[in-house]
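Structure first, commentary second.
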Amino acid sequence: MSIQPNEEYILTFLKKLLDTPSPTGFTAHALKLVEQEASSLGVKLSWNQKGGAILEVEGEDGSRTIGLSAHVDTLGAMVRAVKSDGRLRLTRVGGFMLQSIENEYCVIHTRSGKTYTGTILSTHPSVHVYSDAREFKREEENMEVRIDELVESKEDVLKLGIGVGDFVSFDSRAVITDSGFVKSRHIDDKASVAALFGLLESMKRENWKPKHHLKLLISNYEEVGHGAAFIPSDIDELIAVDMGCIGDDLSCKETDVSICAKDSSGPYDYDMTSKLIELAKAEGIPFAVDVYPHYGSDASAALSAGNNIRAALIGPGVHASHAMERTHKTAVFNTSKLLAAYVKA
Ligand SMILES: [Zn+2]
């Protein structure tokens, strides 16, 4: 029998996550939310050494453990240098086009816990002043943060407590529209974290258990490639739940659950992928099977780290990923539904 995802619960938690900055390497606040939510559902949680969360659910038959993962870390930046004019030079955390963050509001998180706001701009940011403002190459050395403080020198900035190595997060601008779209930065992969919690919430509310033990990894270093490099050794198969790509010759839509057959790291497990396709058909879930040309997941990280597992990849379709992302809420709910069907079978 299909589960009925609690739509309000999933969207409320998703919005909270989207509103909580968590660039890779600075995920403690978002993981605190994960911890609170797990505790409110009565789900056992432990931490791996690098701070990722592992949630455990007992199954009816404890002979096997299935792993599910989603990552709470997102794209972001770090202060690379404090410039002599009081602006900040950045280095990217994760892979994205600089055009996608140009003109975005940001927050600088100092090591002492203070925050300051600013705006990410090109160093030739005005057509009134720079004849090459339009063509000026958007590369790291040509981008900077204008801090919203009265600073004119490097010393002024250092006095605020801002320094090299401070994290910079981008305004997510999270909105859930009346038409059901979730538009925000960092839907990758917070929509999937919310979908995993939708699954856990359904277990509690609809009072059911998965067939086998489950371990859910909420990973915190996916965007730099090693999120799920470590997984508990009793996991024998892992479904990475991460965004589906949209565009070019891909068939996925924002309302679909994407099932990835192959990405840059190679093909995913044949039987798991086939089972996910069959279950999506049986559940009447709109889905797409696609091949991603420029993509690696936490499942790829787990496999290349040498874990003895089979692995698959599914997730909600996300348009303009690693830029101004959008998905539809139905894709998130249906991701919970498909996962439920999988862990019940
Ligand atoms: Zn992702």
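The values are calculated or read from the model by the stated rules, or taken from the named source; none is laboratory data. The structure presented is a predicted model; accordingly, all values stated were derived computationally and were not measured. Cβ atoms come from the backbone with ideal geometry, glycine included; neighbour counts cover every protein chain shown. Areas reflect the complete protein model, heavy atoms only, side chains present, ligands, DNA and RNA absent. Shrake-Rupley method; radii C 1.70, N 1.55, O 1.52, S 1.80 Å.
Take segment 171-214 and flag every residue that is within 30 Å of G59 (Cα to Cα) and touching a Lys or Arg at 6+ places or on another chain (Cβ under 8 Å). Result: I187, M203, W208, P210, K211, H212, H213.
Selection of first residues in segment 323-345 that are within 11 Å of E7 (Cα to Cα) and of a type in the set (D, E, K, R) and of second residues that are open to solvent by 10 Å² or more (accessible area, probe 1.4 Å) and in a helix (DSSP H, G or I), restricted to Cβ pairs under 8 Å at least 6 apart or on distinct chains, gives the following pairs, ordered by first then second residue: K329/E7; K329/L11. Scanning segment 26-80 for residues that are closer than 25 Å to D236 by Cα, in contact (Cβ under 8 Å) with a residue 24 or more places away in the chain and of a type in the set (G, A, S) returns A38, G42, G51, G52, A53, G59, G62, S63, G67, S69, A70.
Here are G86, G52, G95: which of them is within 16 Å of the ligand (Cβ to nearest atom) and assigned by TED's automatic domain parsing to the domain that holds T115? Of the residues listed, the single one that is within 16 Å of the ligand (Cβ to nearest atom) and assigned by TED's automatic domain parsing to the domain that holds T115 is G95. Before we move on, is L339 open to solvent by 40 Å² or more (accessible area, probe 1.4 Å), part of a helix (DSSP H, G or I) and more than 13 Å from the ligand (Cβ to nearest atom)? Criteria not met by L339.
Has segment 73-95 got any residue that is among the hydrophobic types (A, V, I, L, M, F, W, C), under 29 Å from E283 (Cα atoms) and open to solvent by less than 60 Å² (accessible area, probe 1.4 Å)? No, segment 73-95 contains no residue that is among the hydrophobic types (A, V, I, L, M, F, W, C), under 29 Å from E283 (Cα atoms) and open to solvent by less than 60 Å² (accessible area, probe 1.4 Å).
Which numbered condition trips up L217, out of (1) of a type outside the set (D, E); (2) in a loop (DSSP other than H, G, I, E, B); (3) within 16 Å of the chain's Cα centre (by Cα)? The failed condition is (2). One residue stands out in segment 215-257 among those that are polar (S, T, N, Q) and more than 16 Å from the ligand (Cβ to nearest atom): the one that is surrounded by the fewest Cβ atoms within 10 Å (Cβ to Cβ), namely S233. When restricted to residues that are open to solvent by 40 Å² or more (accessible area, probe 1.4 Å) and either of a type in the set (V, I, T) or in a strand (DSSP E or B) (or both), segment 108-122 contains 2. In segment 102-109 there is no residue matching the filter, namely being out of contact with any Ser or Thr (no Cβ under 8 Å at 6 or more places or on another chain) and within 29 Å of A174 (Cα to Cα).
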